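Nothing in this text is a laboratory measurement; each read-out follows from the coordinates by a stated rule. Here the structure is a predicted model, which means the values were calculated and not measured. Using ideal geometry, Cβ is built from the backbone for each residue, glycine included, and neighbour counts are taken over all protein chains shown.
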Amino acid sequence: MTKELTFDIHFDSVYSHDTLGEGKQLADRYVFVIDHVAGHLQTNCCRIRHIYEGRGLSIPDFYDSTLTTPPVHFMQVFAPDDVDVEELRKVHVPAGMDIDIIELTGKSENDDNFMTRCKG
């Protein structure tokens, strides 16, 4: 079995979005980003597949995005059942980007009540 996750990818600015990319570029291409960390310049590699490499995640090339500037990307990701979602949330991502990881669960406890109410 697999876990279904959503990676909600936010950018701090239009510049961050333009630098880090979108679509297949964000998922797969190496983009080198210069970060200011404690007064030092640091080069970070931004590639979603690289950031989460070795964790068995299935990361798509294409995904939904908002029409805002900068956009928010919603990436549907599949992970092996044994992946610790809390550990995924702790993975370092480049400055200018934030990834909220949401674990989609199956049926909620309110699903039956909702269906009953809708049936009238």
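Can you give me the long-range amide H partners of residue 93? Hydrogens built in the peptide plane at 1.01 Å from N, cutoff under 5 Å, separation of 5 or more residues or another chain.
none
Whose amide H sits under 5 Å from the amide H of residue 3, counting only residues 5 or more places off or on another chain, with H placed in the peptide plane?
Amide H neighbours of residue 3, under 5 Å, 5+ apart: 79, 81.
If neighbour count is taken as other Cβ atoms inside 10 Å, put 89, 49 in order from fewest to most. Mind dumping the intermediate values first?
Values: 89 12, 49 15.
Starting with the residue having the fewest Cβ neighbours, the order is 89, 49.
Which ordering of 3, 90 is given by a fewest-first count of other beta-carbon atoms within 10 Å?
Ordered from fewest to most neighbouring Cβ atoms within 10 Å, 3, 90 come out as 90, 3.
Provide 63, 15 in ascending order of the number of other Cβ atoms located within 10 Å of each residue's Cβ, fewest first.
Taking fewest neighbouring Cβ atoms as first place, the list is 15, 63.
Just add up the charged neighbours of residue 84: K/R +1, D/E -1, any other residue whose Cβ is under 12 Å from the Cβ of residue 84.
Net local charge, residue 84 excluded: -1.
Once the Cβ-Cβ distance between residue 15 and residue 84 is put in as r, and R0 is 30 Å, what FRET efficiency do you end up with, to the nearest 0.05?
E between residue 15 and residue 84, to the nearest 0.05, is 0.35.
Explain nothing, just compute: Karplus ³J(HN,Hα) = 6.51 cos²θ - 1.76 cosθ + 1.60, θ = phi - 60°, for every residue of region 63-70 in order, whole Hz, x for Gly and Pro.
6, 7, 9, 6, 9, 6, 10, x
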